[in-house]
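Right, one structure below, let's go through it.
The values are calculated or read from the model by the stated rules, or taken from the named source; none is laboratory data. Bear in mind the structure is a predicted one, so any value in this text is a computation, not a measurement. With ideal geometry, Cβ positions are generated from the backbone for all residues, glycine too; neighbour counts draw on all protein chains shown.
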Amino acid sequence: MSNFRSSSGFMSSVPVVTKNLIIINALLWLASAVLPKVGIDIQSVLGLHYIGSDHFMLSQLITYMFMHDPYNIGHVFFNMFGVYMFGRILEQVWGPRRFLLFYMVTGIGAAIIQELTWFVDMKPFLDAIDNYNVTGDTSVLSQYLNIQQGVHYSAESLYQAKEMILNSMLTVGASGSVFGILLGFGMLFPNAPLYLMFIPIPIKAKYMVMGYGLIELFAGVSNFSGDNVAHFAHLGGMLFGYFLIRYWKKKGIGNGFFLG
């Protein structure tokens with residue numbers, strides 16, 4: 001009985017928005033792991049698809065941030081750990097409404113940047129399909145599809161191949177909002193000491209945030225083979241978070257903690 005009271009007391013000490021975000025993400029992760037067993041692909045419905053895919057829905061700009069990889073509990077755990085560690089502090093400083101707005105704006109911002117990244121990545125492929133339909137030239141298209149020189153492919157078969165590729169593009173996770181939260185914490189408490197795992201030396205929050213940003217930028221530009229992490233989406237969360245905080249400061253909406 002004492003263990004139950006202590007755990008209940010722990011949860012009651014977590015600010016309301018932070019607590020409910022963690023609960024919602026945990027429940028949807030569980031649903032995404034269980035529902036496919038009864039034929040319901042919740043990931044495909046709520047995850048973020050490429051805007052050119054026939055699976056894309058505008059609501060996914062919001063719903064994707066509450067979904068996580070059902071085969072990787074670490075994905076949801078570490079994101080929610082970040083929400084708990086830093087989000088609860090921002091909620092205590094800003095209040096629940098402003099913190100929730102910040103969380104949503106950074107998550108949607110991350111989704112917008114991810115869509116732009118996909119657009120840039122896919123444009124050469126889509127242009128190659130259009131070029132083939134006009135000229136029959138397969139030199140560029142063969143870089144994306146396993147096609148043979150001299151063989152004619154119908155517009156329908158190319159459309160099916162295009163849709164198969166576009167529909168397979170999917171992003172889930174709260175990482176964009178989590179990186180926005182990290183950025184917000186670094187701006188409000190730039191000199192707060194933070195520790196990395198296995199490194200017993202404190203690092204100021206502002207340097208930690210800059211380091212994470214540079215790592216994400218490098219990883220996104222490098223585009224390592226087999227890397228399925230949406231690095232530019234992470235940067236998008238930080239970018240939108242930065243501009244929202246600067247906007248609040250310009251409007252005089254602050255609490256004395258803003259970095260000058």
Worksheet entry | Conditions (1) closer than 26 Å to Pro96 by Cα; (2) at pLDDT 95 or above; (3) within 17 Å of the chain's Cα centre (by Cα); number of the one not met by Met57 | (1)
Worksheet, complete the sentence: The condition of being touching a helix residue (DSSP H, G or I) at 6+ places or on another chain (Cβ under 6 Å), closer than 25 Å to Trp248 by Cα and either of a type outside the set (Phe, Trp, Tyr) or surrounded by 13 or more Cβ atoms within 10 Å (Cβ to Cβ) (or both) holds, among Tyr103, Tyr84, only for Tyr103
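A quick yes/no check of all residues on (1) under 13 Å from Ser177 (Cα atoms); (2) not in a helix (DSSP H, G or I):
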{"site": "Leu28", "(1), (2)": "no, no"}
{"site": "Ser44", "(1), (2)": "no, no"}
{"site": "Gly52", "(1), (2)": "no, yes"}
{"site": "Leu61", "(1), (2)": "yes, no"}
{"site": "Met104", "(1), (2)": "yes, no"}
{"site": "Leu116", "(1), (2)": "no, no"}
{"site": "Ala128", "(1), (2)": "no, no"}
Discussion item. Quick check on Thr138: is it among the polar types (S, T, N, Q) and either modelled with pLDDT of 80 or more or in a helix (DSSP H, G or I) (or both)?
Written reply: no
